[in-house]
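Novice: One structure is given below, represented as structure tokens, and several questions about it will come after.
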Amino acid sequence: MTPGPQNAITDIAGLKVGNAQDDALKSGVTVLTADAPFTAAVSVLGGAPGTRETDLLAPDKSVAQVDALVLSGGSAYGLDACSGVVAGLRDAGRGYRVGNAIIPLVPGAIIFDLLSGGDKDWATSPYPALGRQAFEAATTSTAIGTIGAGTGAMTAMMKGGLGTASLVLDSGITVAALVAANPMGSVTTPGERHFWAAPYEIDGEFGGLGPDPTSGLGRTLDSRKLTAMLERANTTIAIVATDAALDKAQCQRVAIAAHDGIARACVPAHSPGDGDLVFSVSKGGQPMNSQSDLGMIGHAAALCLSRAIARGVYAATAAPDDLLPTWSDLNAPT
């Protein structure tokens, strides 16, 4: 397996990603969409999720495909970003048709960034407008770092961010991940230099420092974030995608497997105060040669998600009034 040309979720033909953020707000929105509806499922393993329309993604529900997925900051307010995307899709004539009515289907999930240091004293929620801006900005490339839903993200010890990564399997199937990393846990070992995801790094994509040589890790849980904020101010939300032809039940299995990627990159993960969630998308018609291909897709999705988390944090950039430093700040040459 090797990364795709962009090492991004937009290596999967037909997928587009758009971002919008407000630097004064220190929050933003990321949208995944395509020119045609796509199959999707979801797995939620965190104890404090914030979601919209995720029930319809269950394999036993009648909706077969959706028009977009939204990752947003803003906690419960951020769920309104989906409404902005719905409006943009409707104006474009996109959605599920019932008679002469058109209903865009846009599930979404949020991270908590209300205490990220930005100006949250709004008179009108900014999230519907940010959602529409992100939808209209969607392109076939994917930026990372302090952008979109990753704008106000924080990990235990440093700023979080928006990350992505991809892998092309030996079968030719492409698998990729897109994530807003805002976990309660740390993404680096004590000392804030080595990433927990380091064993899965490819070609120095998040610094190339390798695994921490220290043993006995994970027994201390220091957190600048908890000192500055609250226990429930967290969540890692992600989308994994493939160009293999999967049904909803198979997508759900991939989403479940992909959660291993969060657990490998964030310590601890899936806590009562995290809303950890993974959407899974099938876009395209690459056939699977055998049932074992599904297991490899899930494995690759977990690898991509670990790498995407580290890449997003590694690429985070400093901004005025940040509560936490960036990885680059902490590891600047002396």
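Novice: What ranking, highest mean first, results for peptides 252-259, 236-243 when packing means the other Cβ atoms within 10 Å averaged over each residue? Walk me through the numbers before you get to the answer.
Specialist: Values: 252-259: 23.5, 236-243: 29.9.
Going by the mean number of other Cβ atoms within 10 Å, highest first, we get 236-243, 252-259.
Novice: Still on this model: Using the Cα centre of region 1-143 as the reference point, and only Cβ charges (+1 on K/R, -1 on D/E), how large is the resulting charge dipole? Debye, rounded to the nearest 20.
Specialist: Details: 9 positive and 14 negative charges, 55 e Å.
Computed about the Cα centre, the dipole is about 260 debye.
Novice: Among (i) 40, 23, 15; (ii) 29, 24, 16; (iii) 45, 23, 15, which is the computed semi-axes √(5λ) of the Cα gyration tensor in Å?
Specialist: The listed entry that was calculated here is (ii).
Novice: Could I ask something else about it? Starting from the Cα gyration tensor of region 19-104, take the square roots of the eigenvalues, sort them a ≥ b ≥ c, and report rounded, prolate or oblate (rounded when a/c is under 1.5, otherwise prolate if a/b is larger than b/c, else oblate).
Specialist: Values: a/c = 2.22, a/b = 1.25, b/c = 1.77.
Because a/c hits 1.5 or more and a/b fails to exceed b/c, region 19-104 counts as oblate.
Novice: From the residues Tyr96, Leu45, Thr188, which one has its Cα farthest along the dipole of the chain in the positive direction, the dipole being from +1 and -1 charges on Cβ of Lys/Arg and Asp/Glu about the Cα centre?
Specialist: Of Tyr96, Leu45, Thr188, it is Tyr96.
Novice: Which cross-chain or sequence-distant (5 or more) residues have an amide H under 5 Å from the amide H of Val42, H modelled 1.01 Å from N in plane?
Specialist: Hits under the 5 Å cutoff: Ser280.
Novice: For the chain, with only Lys/Arg (+1) and Asp/Glu (-1) charged at the beta-carbon, what is the dipole magnitude about the Cα centre, in debye rounded to 20? Spell out each step's value before the answer.
Specialist: Numbers: 21 positive and 31 negative charges, 71 e Å.
That gives the chain a dipole magnitude of about 340 debye.
Novice: Would you list Thr214, Thr164 from the most to the least accessible area, probe 1.4 Å?
Specialist: Numbers: Thr214 80, Thr164 0 Å².
The most accessible residue leads, giving Thr214, Thr164.
Novice: Hey, another quick one. Given only helices, namely DSSP H runs of n ≥ 4 each adding -39500 (n - 2.57), what is the per-residue ellipticity at 222 nm of the chain, to the nearest 500 deg cm²/dmol? Spell out each step's value before the answer.
Specialist: Values: 7 runs with 75 residues, N = 334.
So the helix-based figure for the chain works out to -6500 deg cm²/dmol.
Novice: Can you report the principal axis dimensions of region 143-210 using only the alpha carbons, biggest first, rounded to whole angstrom?
Specialist: Ordered largest first, region 143-210 gives principal extents of 39, 28, 17 Å.
The values are calculated or read from the model by the stated rules, or taken from the named source; none is laboratory data. For clarity, every value in this text was computed on a predicted model and none was experimentally measured. Every residue, glycine as well, gets a Cβ built from its backbone with ideal geometry; the counts of neighbours run over all protein chains shown. In case anyone asks, the SASA skips ligands and DNA or RNA and just uses the protein heavy atoms, side chains included. Shrake-Rupley method; radii C 1.70, N 1.55, O 1.52, S 1.80 Å.
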